[in-house]
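The values are calculated or read from the model by the stated rules, or taken from the named source; none is laboratory data. For clarity, every value in this text was computed on a predicted model and none was experimentally measured. Cβ atoms come from the backbone with ideal geometry, glycine included; neighbour counts cover every protein chain shown. The accessibility values were calculated without ligands, DNA or RNA, using every heavy atom of the protein model including side chains. Shrake-Rupley method; radii C 1.70, N 1.55, O 1.52, S 1.80 Å.
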Amino acid sequence: MRIGVLTGGGDCPGLNAAIRAAAYRAWMFGDEVWGIREGWAGLLGDGKLAVLTPDDISGILPLGGTVLGSSRTNPARDEGEMRQVEDNLRARGIEALVTIGGDDTLSVSAKLSARGVAVVGIPKTIDNDVPHTDYCIGFDSAVDIVGEALDRLHTTAESHRRVMVVEVMGRDAGWLALTGGIGGGADLIIIPEEPIAIGQVVHHVQHRMQWRQFSIIVVAEGATVDGLESASMAGDVDQFGHPRLATRGIGTRLAEAIEERMGVEARVTVLGHVQRGGTPSIFDRVLATRMGTTAVEHIHDGKTGVMMALQGNDIAPVPFADVLGHNRTVDRRFFRMARAFATTEAAELFAQPGHGHEG
Ligand code: F6P
């Protein structure tokens, strides 16, 4: 059998581990594996794809990024481009595809699948917002980066008695902000699912500074803070219609507002693409290896039109139809749990004289 593999959308640590796993498993079946370059762009025009050999794959397990390259190209916007994708597959005799991507790449996979192409998807995104999977490849590695950044910012924040605003990625879902913020000991976490007013942030910082004289606030780039002026994002969208959130500057605007309203020193750190680069965690490597091998097994079993999902400790197939059209937002119980550590209520409580010391 000839199987094509592509990585689409924003990259993340663990993509190479998934490519390697799919290729190794396919070779064990006696398949030929084709590497498609730069996501769906590699199946447009004359196509950018070639047969992969074990030498192409050897040594890539611990490498960040993707040896295949990636792009946010969206052929589903144009019927002519969808036909080019099919023609390129047919011309090379590629019978099935393993697509490694987030909701956008998976949405194109679903459309191709509905047109009769055998496709199995693998979820990856540091946002961790693909439905029906507990984890997406890349999330665990990115959370570690957020946690390490918060550890480092703690010491300098305390030395200078400053407010540190840390902007992390997360367009529609606050998994990265919430998990990284809890693990790294933030005292306020602001996520897209739970809008907050600037007055409440100021109230929080007042109490927090009264008790500990420094503050670490994590804000997801897609979060809303009512009362902060919104930077214009008109026209700045990608091929799937998503606004480019980095230009929105929520972290910077929040730090400026805190300084203006409170007269305390505030600094902003935008972690940006640092969160997407570098070595994958062992968890991500193992998850990618499990999903990559299982995807190829599903192709051989004729069970395509599905995405591999981590459910509990099992890798299970989920039909594309169940995955599309919505994001997996944060678990409210998880957010409520964080209220004991990272909220205005906690700051108020600890600011009370003698709280927790004399019993
Ligand atoms: O989709 C994943 C993501 O990392 C988002 O969190 C972020 O908004 C976006 O990608 C950034 O994309 P780009 O690579 O185009 O700057």
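Compute the Cα gyration tensor for region 126-202, then decide on rounded, prolate or oblate, letting a ≥ b ≥ c be the square roots of its eigenvalues: rounded whenever a/c is under 1.5, prolate when a/b is larger than b/c in the other cases, and oblate in all that remain.
It is oblate, given that a/c is not under 1.5 and a/b is not larger than b/c.
How about region 19-124: which GluC sites (Glu not before Pro) there lie in a loop by DSSP and see at most 14 other Cβ atoms within 10 Å?
Working: sites: Glu32, Glu38, Glu79, Glu81, Glu86, Glu95; in loops: Glu38, Glu95.
Nothing satisfies the criteria.
In square nanometres, what is one fourth of the surface area of the convex hull spanned by the alpha carbons of region 117-272?
Working: hull surface 40.3 nm².
Approximately 10.1 nm², given one-decimal rounding.
Just to confirm, what accessible area per residue do you get for the chain at 1.4 Å probe, in whole Å²? Spell out each step's value before the answer.
On the way: 14820 Å² over 359 residues.
About 41 Å² of surface per residue is accessible.
Rounding to the nearest 20 debye, state how big the charge dipole of the chain is about its Cα centre with +1 on each Lys and Arg Cβ and -1 on each Asp and Glu Cβ. Don't skip to the answer; put the middle values down first.
Values: 33 positive and 46 negative charges, 46 e Å.
Here the size comes out at about 220 debye.
Within region 150-231, report the GluC sites (Glu not before Pro) that DSSP leaves as loop and that have at most 15 other Cβ atoms within 10 Å. Mind dumping the intermediate values first?
Details: sites: Glu158, Glu167, Glu193, Glu221, Glu229; in loops: Glu193, Glu221, Glu229.
Here the sparse-neighbourhood loop sites are Glu229.
To check you understand DSSP bridge types, tell me what percent of the beta bridges within the chain (both residues inside) are antiparallel, rounded to 5. Walk me through the intermediate numbers first.
Numbers: 10 of 44 bridges.
Roughly 25 percent of the DSSP beta bridges within the chain come out antiparallel.
Length gain on complete extension for the stretch Glu265 to Arg90, per 0.36 nm per residue less the alpha carbon to alpha carbon distance? Please list the in-between numbers first.
Values: separation 175, 0.36 × 175 = 63.00 nm, distance 6.09 nm.
Working it through step by step, the gained length comes to 56.9 nm.
Just the Kirkwood number for region 43-199, please: inverse of mean 1/r across all distinct Cα pairs, in Å, one decimal. Intermediate values should be presented prior to the final figure.
Details: mean 1/r = 0.0536 Å⁻¹.
Result for region 43-199, one decimal place: 18.7 Å.
Separation between the Ala321 and Arg77 pseudo-spin-labels, each 7 Å from Cα along Cα→Cβ, expressed in nm?
The two pseudo-label positions are separated by 2.8 nm.
Springs between alpha-carbon atoms under 10 Å, Gaussian network over the chain: tell me which of Gly302, Gly241, Gly121 tops the mean-square fluctuations.
Between Gly302, Gly241, Gly121, it is Gly241 that shows the largest mean-square fluctuation.
Among Tyr135, Gly101, Ala26, pick out the residue whose Cα is farthest towards the positive end of the charge dipole of region 1-157, where Lys and Arg carry +1 and Asp and Glu carry -1 on C-beta, about the Cα centre.
Checked the options; the winner is Ala26.
So what's the convex hull volume per residue for the Cα atoms of the chain, in Å³? Numbers along the way, then the final one.
Details: hull volume 47.4 nm³, N = 359.
Convex hull volume per residue, Cα atoms: 132 Å³.
About its Cα centre, how strong a charge dipole does region 1-133 have in debye, to the nearest 20, once Lys and Arg get +1 and Asp and Glu get -1 at the Cβ? Don't skip to the end; give the middle numbers.
Values: 13 positive and 17 negative charges, 35 e Å.
Using only the charged Cβ atoms, the result is roughly 160 debye.
Mind giving me the nanometre distance, one decimal, between the label points for Glu256 and His154, set 7 Å out from Cα along Cα→Cβ?
About 3.1 nm separates the two model spin labels.
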